[in-house]
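The values are calculated or read from the model by the stated rules, or taken from the named source; none is laboratory data. Treat the numbers as computed from the prediction; the structure is a model and nothing was measured. When we count neighbours, we look across all protein chains shown, and the Cβ atoms used for this are built from the backbone with ideal geometry, even at glycine. Ligands, DNA and RNA are stripped out before the accessible areas are found, and what is left, the full protein with its side chains, is counted by its heavy atoms. Shrake-Rupley method; radii C 1.70, N 1.55, O 1.52, S 1.80 Å.
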Amino acid sequence: MPRTQQSCREGALFSMANVMLLILLLLYCDGMNTETTSSPESDPVITTKKAASKGQSQVIIEELTILTPQYIELLCNLTDLPNNPLYITGYWTKDGQEIENSEETVNRNNEQYILKRTFSIQTRDLGNYSCVFRENEAQVTFVLDVPVMKDKRAKPVVSYIGDSVVLECKLKHTPNTWNWYKANNTEKVFINVTANPLNYKILNNGTKSKLTVLNLTEEDSGKYICSAEFDIKPSESYVELKVMSYTEPLKPFIAIVVEVIVLVTLILLWEKCNKPQQNNSSGGENDVYSEQTRKLTNDDSNGLENTARQRKLER
């Protein structure tokens, strides 16, 4: 009996060990399944932009501001077609080039023809997207780009050596940050305010950024580039700076004064050179006049003598 009880006890312990081993195996397999099973991907957020076109040969342009990479659905709604055909053909272009496999048949739906397509927009995908209806040449163009700085100066900012000048850029949208660069031939050099506190100061205020250039020298002249940094692409503009000395505005006046002095000097020299000739000519005229007077006097005296002789002979 003791041997039988011991055998039963050993069998029970062996069974319990097997059960525990089985449980551990199940837990391990469950954990493996949990780690390797991937969760389904969420659908991307798609932004829809619509534009309507009426009639034939109408071209519409819609400007869309893109700040971040995104999926965007462009939708064209064509209405008011004559004869209202059952279907028409439409296709898409990017920057004037037809997109491959974009042509499709657009069926009439409540007197409307709707052509739409979803695009994934990254930095390289920005540009002009057009939906074109082939039969009637109606077209809608979506211009996808970052915000554009439209208030650009046509003339350079003028300042003087030793002064300070403030250059400003502004946008309608607030960027992630602002950066300033100075153009150097075909390259642009980043302006580091921390490294050059005596030369530059930058003040960013949301949609505006101001660069102050201190202690101006002639080397500070050139093109300054402001860059509004967005997630998809920076938006850039530039300001031209011209640094002059204080004598620079006086140069036209000085040139005029020099020309006047030169002209007056030439006139005086001309008069001085011609004065002896005038004196000689006047002296010659006086000699001729004296000679003529002397001859006339002699002729008169000779005439009187002849008259006296004739009278004496008559007597």
Quiz item: Among the strands (runs of 3 or more DSSP E) confined wholly to the stretch 56-100, which include 2 or more residues that are without any contact (Cβ under 8 Å) to a residue 60 or more places away in the chain, of a type in the set (Ser, Thr, Tyr) and open to solvent by less than 90 Å² (accessible area, probe 1.4 Å)?
Solution: 87-94
Practice problem: Name the single residue, out of those in the stretch 108-151 being touching a strand residue (DSSP E or B) at 6+ places or on another chain (Cβ under 6 Å) and not in a strand (DSSP E or B), that is farthest from ASN77 (Cα to Cα). | Solution: MET149
Quiz item: Do we have any residue at all in the stretch 232-248 that's assigned to a helix (DSSP H, G or I) and farther than 19 Å from ILE66 by Cα?
Solution: yes
Quiz item: Mind checking which residues of the stretch 197-238 are open to solvent by less than 10 Å² (accessible area, probe 1.4 Å) and not polar (S, T, N, Q)?
Solution: LEU211, VAL213, LEU216, TYR224, CYS226, ALA228, ILE232
Exercise. Taking GLN112 as the residue in question, decide whether it is open to solvent by 40 Å² or more (accessible area, probe 1.4 Å) and either farther than 26 Å from THR68 by Cβ or free of Cβ contacts under 8 Å to residues at least 40 places away in the same chain (or both).
Key: yes
Quiz item: For the stretch 127-139, what are the residues that are surrounded by fewer than 19 Cβ atoms within 10 Å (Cβ to Cβ) and either modelled with pLDDT of 95 or more or among the acidic types (Asp, Glu) (or both)?
Solution: GLY127, ASN128, GLU135, GLU137
